Amino acid sequence: MEVDQNQSPLAEGVVDVAGARQFSGQSRTKIYAAMQRGELPYYVDGSRRFIAKRDLIKWMESRLKPIGA
């Protein structure tokens, strides 16, 4: 089965929780809580969790409000 790389959320890469924390500036606790609530989709490989960069950006955009809006 072929996956269209343009439609796959993994096409733009993934980060682990530490990478998500560094990229977003959010705490590890907030990231895990968002995953637990279903706000932040993730993928599991063994005991490690990975987040698609695309999903991480969408989650950050949903949390942030522009100044002056």
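Counting just the residues of the stretch 6-36 that are among the polar types (S, T, N, Q) and in contact with a helix residue (DSSP H, G or I) (Cβ under 8 Å, 6 or more places away or on another chain), which one comes out least open to solvent (accessible area, probe 1.4 Å)?
So the first thing to find is which residues in the stretch 6-36 are among the polar types (S, T, N, Q), and the list is 6-8, 22, 24, 26-27, 29, 36.
Narrowing the set further to residues that are in contact with a helix residue (DSSP H, G or I) (Cβ under 8 Å, 6 or more places away or on another chain) leaves 24, 26-27.
Working: Ser24: 20, Gln26: 41, Ser27: 53 Å².
The residue in question is Ser24.
Any residue in the stretch 37-47 that is open to solvent by 100 Å² or more (accessible area, probe 1.4 Å) and modelled with pLDDT under 95? Before you say what the answer is, go through the steps one by one.
Our first condition is that a residue be open to solvent by 100 Å² or more (accessible area, probe 1.4 Å); within the stretch 37-47, this holds for 37, 45, 47.
Adding the requirement that they be modelled with pLDDT under 95 leaves 45, 47.
Within the stretch 37-47, one or more residues are open to solvent by 100 Å² or more (accessible area, probe 1.4 Å) and modelled with pLDDT under 95.
Kindly establish whether Leu10 is at pLDDT 95 or above and hydrophobic (A, V, I, L, M, F, W, C).
Values: at pLDDT 95 or above: no; hydrophobic (A, V, I, L, M, F, W, C): yes.
Answer is no for this residue.
Can we say Ala33 is in a helix (DSSP H, G or I), among the hydrophobic types (A, V, I, L, M, F, W, C) and under 15 Å from Leu10 (Cα atoms)?
On the way: in a helix (DSSP H, G or I): yes; among the hydrophobic types (A, V, I, L, M, F, W, C): yes; under 15 Å from Leu10 (Cα atoms): no.
Considered against the rule, which asks whether it is in a helix (DSSP H, G or I), among the hydrophobic types (A, V, I, L, M, F, W, C) and under 15 Å from Leu10 (Cα atoms), Ala33 comes out as no.
The values are calculated or read from the model by the stated rules, or taken from the named source; none is laboratory data. On a predicted model such as this, the values are computed, not experimentally measured, just so you know. All Cβ positions, even for glycine, are placed from backbone atoms using ideal geometry, and neighbour counts span all protein chains on display. Note: accessible area is taken over every heavy atom of the protein model, side chains too, but ligands, DNA and RNA are not part of it. Shrake-Rupley method; radii C 1.70, N 1.55, O 1.52, S 1.80 Å.
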